[in-house]
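Visitor: Please read through the structure below; I'll follow up with questions.
The values are calculated or read from the model by the stated rules, or taken from the named source; none is laboratory data. Computed from a predicted structure; not experimentally measured. Here the Cβ is made from the backbone with ideal geometry for all residues, glycine too, and neighbour counts use every protein chain on show. Remember, those area values only see protein heavy atoms, side chains included, never the ligands or the DNA or RNA. Shrake-Rupley method; radii C 1.70, N 1.55, O 1.52, S 1.80 Å.
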Amino acid sequence: MNLITVLLAIAVFFTVVYNYLIGNYRFSWNQNKDQELIPLPPEFVSILIAARNEVSNVKNLLQGLHNQDYPADKFEIILIDDHSEDETIKVASSLAIPNLKILQLSHFRTERETARSYKKFALQYGIQEAQGSIILTTDADCTHDSKWLKSMIFPLQNNTADFVTGPVQFNTSIGILNQFQSLDLVGMMGVTNGGIQKQWHYMANGANMGFRKDNFLTLNGYEGNQGYASGDDMFLIQKFAKHNPEKVMYVKDPNAIVTTMTEPKWTALYWQRIRWATKGSAYNDRTILMVQLSVYLFHLSIIINLILGLFWNPSFAIMGGLQLFLKAIVDYGYLNSLNRFFKIEKLFRFYPLQVILHTLYIVVIGTLGNVMKEYYWKGRRTK
């Protein structure tokens, strides 16, 4: 067997693995039926938001949370300010929201003590001060349906789950940058759901997750991963899953959807995804590392085959083109199932270009995320 045959066989193997994974994620999404709520006695809930320099978003966020379809005396909103340099606190304080509590991270730890773990310390501070038996977390640039709170806590109330994570989507503005991010995030929601449904791996998004406070304290919360600036969501869900995988749940409910903001520039998107990628090697969940590696190698093989086809043997160009075509077909079926739930079918407007961009994106971010140790986040250079 010559070298060309071996290399082509490897490409076929990666293609089969990728198609197997996407097929399973699509099946799991379709199998997870939308949640149906039944009335339950209200428990006291604490909604936590760690915020830094969010003056343009904080008003809409807090007013939306204040207007939740839930008894006002049964929940509190805790905004933890992470050393903001704008008027985030001033705007938040001016709002007539009686169940709003504003904390300042500077009163909990010094800047030096919280270095590299700002958000985790902010949330830890909020949990320490929270009165609720149930904790929900979200981000300052998010908007919420009026039934969001009720939908997210339902599995925690009926003892179906100890930890929940829910759907997150980007605001679907026009333009290739926004729609690329939106389609990518929708795809990650399917992976998140599928991993949990099959108990393969466990992912979460801090913009939309919840847990019981007593379980958080029993499991020592963020202890063990405070050396990473981000990962408050991923490390925590993996800790809960290790303790009791049966009690981790993805809430598939249109009322539970949280909408957040896309990054405004390609450079901002680059730094965001580098931040997400740098903590991957620290995950205790080895299955997710294998899935990420398989996806990375499939996309890398596409690029390598196209390059080899250009400079060595046309057979590689045919293989790379076939891989790209199969990716487009398989991804389309998968994403179309998800888009019907999120009601954002218009994201396919630039689909052929998005397929190419996504292939390059996976390889570039996957490579640099394992090489770079520092990145910019919230105006700070951290690691």
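Visitor: Just to be sure before I move on: is I80 of a type in the set (A, V, I, L, M, F, W, C), surrounded by 13 or more Cβ atoms within 10 Å (Cβ to Cβ), modelled with pLDDT of 95 or more and not in a helix (DSSP H, G or I) in the structure I sent?
Guide: yes
Visitor: Output the residues belonging to the stretch 68-103 that are touching a helix residue (DSSP H, G or I) at 6+ places or on another chain (Cβ under 8 Å) and within 18 Å of Q128 (Cα to Cα).
Guide: F75, I77, I78, L79, I80, D81, D82, N99, L100, K101, I102, L103
Visitor: Against the condition in contact (Cβ under 8 Å) with a residue 40 or more places away in the chain and under 24 Å from Q354 (Cβ atoms), how does L293 come out, does it pass?
Guide: On the way: in contact (Cβ under 8 Å) with a residue 40 or more places away in the chain: no; under 24 Å from Q354 (Cβ atoms): yes.
Considered against the rule, which asks whether it is in contact (Cβ under 8 Å) with a residue 40 or more places away in the chain and under 24 Å from Q354 (Cβ atoms), L293 comes out as no.
Visitor: Quick check on my filter: what residues within the stretch 134-169 are in contact with a helix residue (DSSP H, G or I) (Cβ under 6 Å, 6 or more places away or on another chain) and either among the small types (G, A, S) or open to solvent by 10 Å² or more (accessible area, probe 1.4 Å) (or both)?
Guide: Correct list: A140, T143, H144, D145, K147, S151, A161, D162, G166, Q169.
Visitor: Please work out if L335 is closer than 22 Å to N178 by Cβ, among the aliphatic types (A, V, I, L, M) and crowded, with 20+ Cβ neighbours inside 10 Å.
Guide: Answer is yes for this residue.
Visitor: Sort through A204, A122 and tell me the only one that's closer than 28 Å to T359 by Cα and crowded, with 23+ Cβ neighbours inside 10 Å. Even if it seems obvious, please write down each step before you answer.
Guide: Working: A122 fails: closer than 28 Å to T359 by Cα.
After applying the criteria, what remains is A204.
Visitor: Find the residue count for the stretch 287-331, including only residues that are closer than 30 Å to Q197 by Cα and at pLDDT 95 or above.
Guide: Final tally of qualifying residues: 18.
Visitor: If you check Y351 against the conditions, is it part of a helix (DSSP H, G or I) and either surrounded by fewer than 18 Cβ atoms within 10 Å (Cβ to Cβ) or modelled with pLDDT of 95 or more (or both)?
Guide: Judged against the criteria, Y351 is a match.
Visitor: Among the residues of the stretch 339-348, what is the count of those that are part of a helix (DSSP H, G or I) and in contact with a Pro (Cβ under 9 Å, 6 or more places away or on another chain)?
Guide: Keep residues of the stretch 339-348 that are part of a helix (DSSP H, G or I), which gives 339-342, 345-348.
Subset that is in contact with a Pro (Cβ under 9 Å, 6 or more places away or on another chain): 341-342.
Residues meeting the conditions: 2.
Visitor: Test of understanding: among I80, I47, I102, I22, which residue is closer than 30 Å to L297 by Cα, of a type outside the set (S, T, Y) and in contact with an Asp or Glu (Cβ under 9 Å, 6 or more places away or on another chain)?
Guide: Testing whether each residue is closer than 30 Å to L297 by Cα, of a type outside the set (S, T, Y) and in contact with an Asp or Glu (Cβ under 9 Å, 6 or more places away or on another chain) leaves just I22.
Visitor: Can I ask one more? Can you name the residue in the stretch 28-75 that is outside any loop (DSSP other than H, G, I, E, B) and β-branched (V, I, T) and, of all such residues, is farthest from N193 (Cα to Cα)? Write out each step before concluding.
Guide: First pass over the stretch 28-75, keeping only residues outside any loop (DSSP other than H, G, I, E, B): 28-31, 45-51, 58-66, 72-75.
Still in the running and β-branched (V, I, T): 45, 47, 49, 58.
Values: V45: 24, I47: 23, I49: 23, V58: 29 Å.
Checking each candidate, the answer is V58.
Visitor: Which of the residues belonging to the stretch 1-33 are polar (S, T, N, Q) and open to solvent by 60 Å² or more (accessible area, probe 1.4 Å)?
Guide: First, pick out the residues of the stretch 1-33 that are polar (S, T, N, Q): 2, 5, 15, 19, 24, 28, 30-32.
Passing the criteria: N2, T5, N30, Q31.
Visitor: Still on this structure, please answer the following. What about M249, is it touching a strand residue (DSSP E or B) at 6+ places or on another chain (Cβ under 9 Å), open to solvent by 30 Å² or more (accessible area, probe 1.4 Å) and free of Cβ contacts under 8 Å to residues at least 24 places away in the same chain?
Guide: So M249 fails the test.
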